[in-house]
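Since the structure comes first, as structure tokens, the remarks are kept for the end.
The values are calculated or read from the model by the stated rules, or taken from the named source; none is laboratory data. Everything numeric in this text was worked out from a predicted model, so none of it was measured. With ideal geometry, Cβ positions are generated from the backbone for all residues, glycine too; neighbour counts draw on all protein chains shown.
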Amino acid sequence: MVTACRIASILFAVLLVAAAQARANDVGEPSAAEAIRVQLALGDVVALPLDVPAHASTEIGLDQAEGAVEAQLTAPARAPIRLRNDAGRSSRIDYVLNAGDQPTRWTLTVSSARPNRPAIVEVMAARPQPTTARLTARAEALQRLAEAEALRRTAGSQETGMAKDDVAIEAAYERALFAAAADGCLQLRIETGRARYHFAQGRYREARQAAEAALALHCDDGLAGEAERAAALRTRGAALGYLGDFAGAIADQTAALALYRRTGDLAYQALLLGNLSANHRALGDTERALSTANEALATAERAGDARRAVFVQESIAAIRLQRGELGPALSAYQLTLDALRTTPYPRVEGMAWNDLGLLYRQTGDRAAARDALERAASIWRDSGDVSGLAEVQLNLADLDLDEGGLDAAWQGYRAALDIDLAQGFRREEAHARIGLGSVAALRGEDAEARGHLEVAAALAESIGASANAVAARLALAELARRHGDHDAAARAAATALDQARRAHDVSGQAQALIVRARLALSVGDLAAAHAAAAPALDLIEDARGAIDPPQLRSRYFATRRDAYDLAIEILMRRHAVQPDAGYAMQAFLVSERARARALQDRLGERRLSLPDTIDLGLLEAERTAELAWRSAAARDEAALAEAQRTLDAVRGQIRAQHPRYAELAHPPRPTPESMLTLLRDAGVVADSWWLAEPHSYRWRITAAGVSATTLPGRTTIERAALRLRERVATAPVAASAAPIERIAADEIAHDAAVDVAARALATLLDLPEAADGALHVTIPDGALAWVPFALLEPDVPRGRVYLPGLSALAGIRAVARGGAPDAVAIVADPVVRADDPRLPQTGAPAIDAPAPLPYARREARALLALADRRASRWIDGFDASRQTLAALSWARYGTVHFATHARLDVARPELSAIVLSAYTADGTPQDGVLRADDLYTLDVPVDLVVLGACDGAVGPIQGAEGPFSLARAFFHAGARRVLASLWAVDDRAGAALMDHFYEGLLRQGLLPPQALERAQRKLRAEPRWAAPYYWAGYVLQGDWR
């Protein structure tokens, strides 16, 4: 469609047509053409006729003054000719129009080559002149170039996701070169076009060779020639980067950037700055990489180049990731993916998902990592991106290795290495050899491992790939340490640490320091080991503080537990040498730095009143993400994982926006004074456990100080703990059809098995004598959180409480609470089954429908009789719903009692839930659960939460966080303490225990620890409930006051 809506376009057409008509019958000597400047706005298309006399030729030129244009020449009985030059601003499009035996009218159509950006072009048409051999040869060369370039564009590229190889394209460039044998400038354009074709198809060696051929040619054509040379330089530089010659790439790209600054081409300046940033990053110079990337982003935005801007955003994210700044990296990747929704860019999308896979792997979320890497592989497979596929194959092999799949990992590394060697991908070759060396080392094939790792280290260092060099040197250090070659190991670790520091690689520095600490520990140099381990912990905690999304932060921290294990081992060995030097207290403080950090973060957010200062748009985004998450919970696992990541990201943005964020990211560290102050109450004794290999530890802390005991390794203790849990959490055998003697014998055997398992664990834990009249605080670790210490230390009259960490106690106590203890909210007996008679129309219950809890309802009624009825609230039946609890003013109550089922989800603890009414009063199904994740958003500042008929104290354990259970979720919501069970309890026994508990709490005025101890003592005194299964599972978590 021809538009003539703008004066400039009309004037251009009139002037050029007039000039052409005036010369139509005047074939004279060549003369300089007058340039006409044309501005093409968005959507403008200009068409004009050009008349060429018989036996004459006319040279036309289009100088691209701003942006890029696409031209097309058409004439009767001739094929259309498409013309374009991608060398950028100041480059020229040339063509020679030959009329032949008859006068010919050509039509030249010009438009912007980039639909979203305007362009300015200066058009020149020389005076027609008789056709000569020179003009004929030049016309043929330009025609061949136009054909080759049109074919190149139809072949697509890996960058756009539509690469298509075609041997005819190479032949077209060869024909063009042959025809342009005497024209250096034209040959430069042809060789550069061929280089760009090879690059687009992923043939980087051939692209480099063609670009070198182009750069060897002489072309003295002012700014137009400089633009062509810049195109050759940037193409060779990009190819060198893929081939691992990062220094060479930087040299070419710097030279091209200087030329583009002379031509004033902002778009290519942005491209080159982005590529320079990537190559500085590959060399480990992340400071320069980041400053160059920021300059690239600003330049791309000035140029209005959305695709280049999204490329640079991904590059900034990758720099943050390489530096170990996982929180900023994740935010940058989210910005990139958001931008890709409006600016599709397959190569960048593949890069973003690949790097997100690396990030999730570093944070221990292997399922999310594999999902992200598979997305990248799919994108790169569709586009035929060989280099991208080689990289993602290596990253998937790394995941296989993490999961212990040595054969799968070896196959992945081997296949990737074959591709890397064939294509010349040297950085990826180093990665593959590190992987093969790691697999060989795990198989005990040390000679093969050393061979691969030494080649990888030398290769990575020769090309400046710092991340690969650090990984290879650390693997060599571990290999040397295993063989007792301390000097070689120390040298390798020192080299890795130096490389990581120069690259500002936080993760690499921490790993190198940990290796150095292990080396020093292995030769007994405890001071040097301590000096290396301490800054490693600082780096890890700084990285943790920079991660905003809470779940991602927890997963990352859980993967770094080994550093805390090592630091504690070092300090406890120093304690063994110098028992009075305070090392036991230092070791305990290190354990506290690792414990319950997610809970402490949440309590810190409450203290700062986080939502009060947050942008309303973010809060609305959180609500939307929560609804999407609840909806996904009922669908497939992939949808749920994606919804969870989105929700986590929004919560991270909310946290980061808070003006006092630094207090959350870097809370005060525990000190001896702060810990002992928490235990200043008379007669309080705390036992804190840390399970590790080769030794575990117990610290006994009182207001007077700390003592320490060394115990067997984690595996031994956890095996005994799980054996006890298996015995005690199983109901005593009581088959009603069996003779009474058989039932009695089975119960005796069951109790004996529990007793044997409890004694075995108690022996391993080397429990000290119970302190007379002391209240016990138990801070368990690992599987110890799943066993009842009431079986191991039965004589504790003042009772016992459990804490995830002593440091968390300060935050728990800081929450303001005002409800009286006898102001009770009771949630009981919701409508959960389709056969419930309270429904207007009943049906068959689901196979997995929870069983009725008649005794739980009775226990709740008994509690209401003891409570202050005027201040209390009874919530049951249809009213016991999500909607009711979401609107409840929790702060009015001192105690909240749930007499209903719970649902434990070990794989996804955020889906663990309290079961509420699954139906409305008219029988309509509804979401009938209060999930753990819901509790994180509620404000429940109550003194006591009781989960009466469920295993609410159990959940999966990450690192040193403790169980992610429903009980923990209530602490996040503001509860002071939670009474819950370690296993699903008998309904009748639970009701009996609750009667005793509330009688002591509300009638006798006992504190919750004493009330629970009294209730358990009374229950086990009754023969029918004497077995520990019925009473030992209830544990009180939180504050003892």
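In table form, for the structure just shown:
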| read-out | value |
| --- | --- |
| Meets criteria (within 14 Å of the chain's Cα centre (by Cα) and of a type in the set (A, V, I, L, M)) for Leu297 | no |
| Criterion (modelled with pLDDT under 85 and either among the acidic types (Asp, Glu) or surrounded by fewer than 21 Cβ atoms within 10 Å (Cβ to Cβ) (or both)) met by exactly one of Arg723, Arg660 | Arg660 |
| Residue pairs meeting the criteria (Cβ under 9 Å; at least 6 apart or on separate chains; first under 15 Å from Gly1033 (Cα atoms) and in contact (Cβ under 8 Å) with a residue 12 or more places away in the chain, in region 986-1006; second of a type outside the set (Gly, Ala, Ser) and assigned to a loop (DSSP other than H, G, I, E, B)) | Asp987/Pro852; Asp987/Leu853; Gly990/Leu853; Ala991/Leu853; Ala992/Glu1022; Leu993/Val985 |
| Condition met for Val455 (β-branched (Val, Ile, Thr) and crowded, with 18+ Cβ neighbours inside 10 Å) | no |
| Any pair with Cβ under 9 angstrom, 6 or more apart, that starts in region 792-809 at a residue that is more than 26 Å from Gln958 (Cα to Cα) and assigned by TED's automatic domain parsing to the domain that holds Asp781 and ends at one that is polar (S, T, N, Q) and not in a helix (DSSP H, G or I) | Glu793/Thr778 |
| Residues of region 177-218 that turn out to be surrounded by fewer than 18 Cβ atoms within 10 Å (Cβ to Cβ) and among the polar types (S, T, N, Q), as a count | 1 |
| Of all residues in region 931-945 being among the hydrophobic types (A, V, I, L, M, F, W, C) and either without any contact (Cβ under 8 Å) to a residue 24 or more places away in the chain or in a loop (DSSP other than H, G, I, E, B) (or both), the one that is farthest from Gln644 (Cα to Cα) | Val942 |
| Whichever residue in region 368-425 is more than 24 Å from the chain's Cα centre (by Cα) and among the aromatic types (Phe, Trp, Tyr) and, among such residues, is modelled with the lowest pLDDT | Phe425 |
| Count - residues of region 73-110 that are touching an Asp or Glu at 6+ places or on another chain (Cβ under 6 Å) and polar (S, T, N, Q) | 0 |
| Failed condition for Ala163, given (1) of a type outside the set (Phe, Trp, Tyr); (2) farther than 20 Å from Leu62 by Cα; (3) at pLDDT 90 or above | (3) |
| Residue in region 23-44 that is outside the structural domain of Glu149 (by TED's automatic domain parsing), assigned to a strand (DSSP E or B), at pLDDT 50 or above and under 28 Å from Ala133 (Cβ atoms) present | no |
| Count of region 309-358 residues which are of a type in the set (Asp, Glu) and either touching a residue at least 60 places away in the same chain (Cβ under 8 Å) or touching a Lys or Arg at 6+ places or on another chain (Cβ under 6 Å) (or both) | 1 |
| Which listed residue, of Thr895, Thr884, is β-branched (Val, Ile, Thr), modelled with pLDDT of 90 or more and touching a Pro at 6+ places or on another chain (Cβ under 8 Å) | Thr895 |
| Positions within region 793-834 being over 39 Å from the mean Cα position of the chain (by Cα), at pLDDT 85 or above and among the small types (Gly, Ala, Ser), in sequence order | Gly799, Ala823, Ala825, Ala828, Ala834 |
| Given (1) over 29 Å from Ala329 (Cα atoms); (2) touching a residue at least 60 places away in the same chain (Cβ under 8 Å), index of the condition Val506 fails | (1) |
| Any hit, region 306-317, residues being of a type in the set (D, E, K, R), under 22 Å from the mean Cα position of the chain (by Cα) and surrounded by 24 or more Cβ atoms within 10 Å (Cβ to Cβ) | yes |
| Failed item, numbered, when Gln411 is tested on (1) surrounded by 19 or more Cβ atoms within 10 Å (Cβ to Cβ); (2) under 23 Å from Asp371 (Cα atoms) | (1) |
| Residue ranges of helices (runs of 4 or more DSSP H) in region 804-918 with at least 2 members of a type in the set (A, V, I, L, M, F, W, C) and within 23 Å of Ala989 (Cα to Cα) | 854-866 |
| Residues satisfying the stated conditions in region 219-256, i.e. surrounded by fewer than 22 Cβ atoms within 10 Å (Cβ to Cβ), within 37 Å of the chain's Cα centre (by Cα) and part of a helix (DSSP H, G or I) | Ala247, Gly248, Ala251, Thr254, Ala255 |
| Filter result for the condition that a residue is farther than 28 Å from Gly652 by Cβ and either in contact with a Lys or Arg (Cβ under 6 Å, 6 or more places away or on another chain) or basic (Lys, Arg) (or both), over Arg574, Arg544, Arg553 | Arg574 |
| Residue among Ala87, Ala71, Ala79 that alone is at pLDDT 90 or above, assigned to a loop (DSSP other than H, G, I, E, B) and not assigned by TED's automatic domain parsing to the domain that holds Arg234 | Ala87 |
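A quick yes/no check of all residues on (1) closer than 20 Å to Gly713 by Cβ; (2) within 42 Å of the chain's Cα centre (by Cα):
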position	(1), (2)
Glu747	no, no
Ala752	no, no
Asp755	no, no
Val777	no, yes
Asp781	yes, yes
Trp786	yes, yes
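Table: residues versus (1) crowded, with 19+ Cβ neighbours inside 10 Å; (2) among the aromatic types (Phe, Trp, Tyr).
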{"site": "Leu474", "(1), (2)": "yes, no"}
{"site": "Ala480", "(1), (2)": "yes, no"}
{"site": "Asp485", "(1), (2)": "no, no"}
{"site": "Ala496", "(1), (2)": "yes, no"}
{"site": "Gly508", "(1), (2)": "yes, no"}
{"site": "Ala546", "(1), (2)": "yes, no"}
{"site": "Phe557", "(1), (2)": "yes, yes"}
{"site": "Arg560", "(1), (2)": "yes, no"}
{"site": "Glu569", "(1), (2)": "yes, no"}
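Rundown of residues vs (1) under 23 Å from Ala816 (Cβ atoms); (2) out of contact with any Gly (no Cβ under 6 Å at 6 or more places or on another chain); (3) crowded, with 23+ Cβ neighbours inside 10 Å; (4) not assigned by TED's automatic domain parsing to the domain that holds Arg931, yes/no style:
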residue	(1), (2), (3), (4)
Ile957	no, yes, no, no
Ala960	no, yes, yes, no
Ala967	yes, no, yes, no
Phe971	yes, yes, yes, no
Arg976	yes, no, no, no
Ser981	no, no, yes, no
Asp987	no, yes, no, no
Asp995	no, yes, no, no
